[in-house]
Amino acid sequence: MATEQQEQQKIEQLRHQSADELEHIAGREKENLEGWIPSMASDTEIREALEKAFDYRGDVTITRKDGSQVEGYLFDRRSGSSLSDSFVRIIPSKERTKVNVAYADIAALAFTGRDTAAGKTFDAWVKKYWEKKAAGEKNIQIEPEKLD
């Protein structure tokens with residue numbers, strides 16, 4: 001898992017590349033977060049885990065310090081100067097309301113839902129296309145996968 005400091009170092013390295021060199025540089029590696037339960041021991045770990053949860057395209061489960069849980073899609077976060085004035089916003093799986101949870105109230109986080117973006121690269125699409133074409137199919141269409 002890349003930390004914010006590692007990300008900043010990578011960005012700094014890329015600043016010294018020419019536009020032609022950047023055109024052929026490898027993309028950012030996508031982390032597989034499905035099933036991950038991050039350590040939430042420090043303020044920094046909490047903030048980093050919630051940033052990753054914000055970028056995740058599946059459901060997460062947040063366990064509050066009072067023991068209650070919220071499972072759903074984390075669609076927004078506000079980072080304040082302390083954990084008390086920072087919060088995430090979640091659309092629960094079973095409801096269409098929006099729930100606010102302060103960072104300070106979070107005891108645990110788990111990446112429990114399927115990452116709906118996993119394996120959805122353009123390369124994967126092209127591979128499926130050529131497999132169908134090689135099999136002799138006509139009017140080839142790659143249909144989007146149904147979401148649960």
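Does the range 27-46 contain any residue that is of a type in the set (A, V, I, L, M, F, W, C), under 22 Å from GLU95 (Cα atoms), surrounded by 13 or more Cβ atoms within 10 Å (Cβ to Cβ) and touching a residue at least 12 places away in the same chain (Cβ under 8 Å)? Step through it out loud before you land on a result.
So in the range 27-46, the residues of a type in the set (A, V, I, L, M, F, W, C) come out as 33, 36-37, 40-41, 46.
From the residues that got through so far, the ones that are under 22 Å from GLU95 (Cα atoms) too are none.
No: the range 27-46 contains no residue that is of a type in the set (A, V, I, L, M, F, W, C), under 22 Å from GLU95 (Cα atoms), surrounded by 13 or more Cβ atoms within 10 Å (Cβ to Cβ) and touching a residue at least 12 places away in the same chain (Cβ under 8 Å).
Regarding PHE54, is this residue open to solvent by 60 Å² or more (accessible area, probe 1.4 Å), among the aromatic types (Phe, Trp, Tyr) and within 25 Å of GLU7 (Cβ to Cβ)?
On the way: open to solvent by 60 Å² or more (accessible area, probe 1.4 Å): no; among the aromatic types (Phe, Trp, Tyr): yes; within 25 Å of GLU7 (Cβ to Cβ): yes.
Considered against the rule, which asks whether it is open to solvent by 60 Å² or more (accessible area, probe 1.4 Å), among the aromatic types (Phe, Trp, Tyr) and within 25 Å of GLU7 (Cβ to Cβ), PHE54 comes out as no.
Determine, yes or no, whether LYS98 is among the basic types (Lys, Arg) and surrounded by 14 or more Cβ atoms within 10 Å (Cβ to Cβ).
For LYS98, the condition - among the basic types (Lys, Arg) and surrounded by 14 or more Cβ atoms within 10 Å (Cβ to Cβ) - is not met.
Please work out which residue is farthest from GLY35 (Cα to Cα), limiting yourself to the range 56-74 and to residues that are touching a residue at least 40 places away in the same chain (Cβ under 8 Å) and of a type in the set (S, T, N, Q).
Result: THR63.
Restricting attention to the range 44-94, which residues are touching a Pro at 6+ places or on another chain (Cβ under 7 Å) and of a type in the set (A, V, I, L, M, F, W, C)?
Across the range 44-94, the qualifying residues are ALA49, VAL70.
Give me a count of the residues in the range 80-92 that are exposed (fewer than 15 other Cβ atoms within 10 Å of the Cβ) and of a type outside the set (D, E, K, R). Don't jump to the end; show me each part of the working.
Residues of the range 80-92 that are exposed (fewer than 15 other Cβ atoms within 10 Å of the Cβ), as a first pass: 80-82, 84-85.
Pick out the ones that are also of a type outside the set (D, E, K, R) and you get 80-82, 84.
Residues in the range 80-92 being exposed (fewer than 15 other Cβ atoms within 10 Å of the Cβ) and of a type outside the set (D, E, K, R): 4 in total.
Determine whether ILE25 is at pLDDT 90 or above, over 13 Å from the mean Cα position of the chain (by Cα) and either of a type outside the set (D, E, K, R) or not in a strand (DSSP E or B) (or both). Step through it out loud before you land on a result.
Numbers: at pLDDT 90 or above: no; over 13 Å from the mean Cα position of the chain (by Cα): yes; either of a type outside the set (D, E, K, R) or not in a strand (DSSP E or B) (or both): yes.
Considered against the rule, which asks whether it is at pLDDT 90 or above, over 13 Å from the mean Cα position of the chain (by Cα) and either of a type outside the set (D, E, K, R) or not in a strand (DSSP E or B) (or both), ILE25 comes out as no.
Which number in (1) within 23 Å of ARG114 (Cβ to Cβ); (2) modelled with pLDDT of 65 or more; (3) not in a helix (DSSP H, G or I) marks the one condition that GLU48 misses?
(3)
The values are calculated or read from the model by the stated rules, or taken from the named source; none is laboratory data. Keep in mind the model is a prediction, meaning the values are calculated, not measured. For neighbour counting, all protein chains shown are included, and Cβ atoms are generated from backbone atoms with ideal geometry for every residue, glycine included. What goes into the accessible areas is simple: the full protein's heavy atoms, side chains included, and nothing from ligands, DNA or RNA. Shrake-Rupley method; radii C 1.70, N 1.55, O 1.52, S 1.80 Å.
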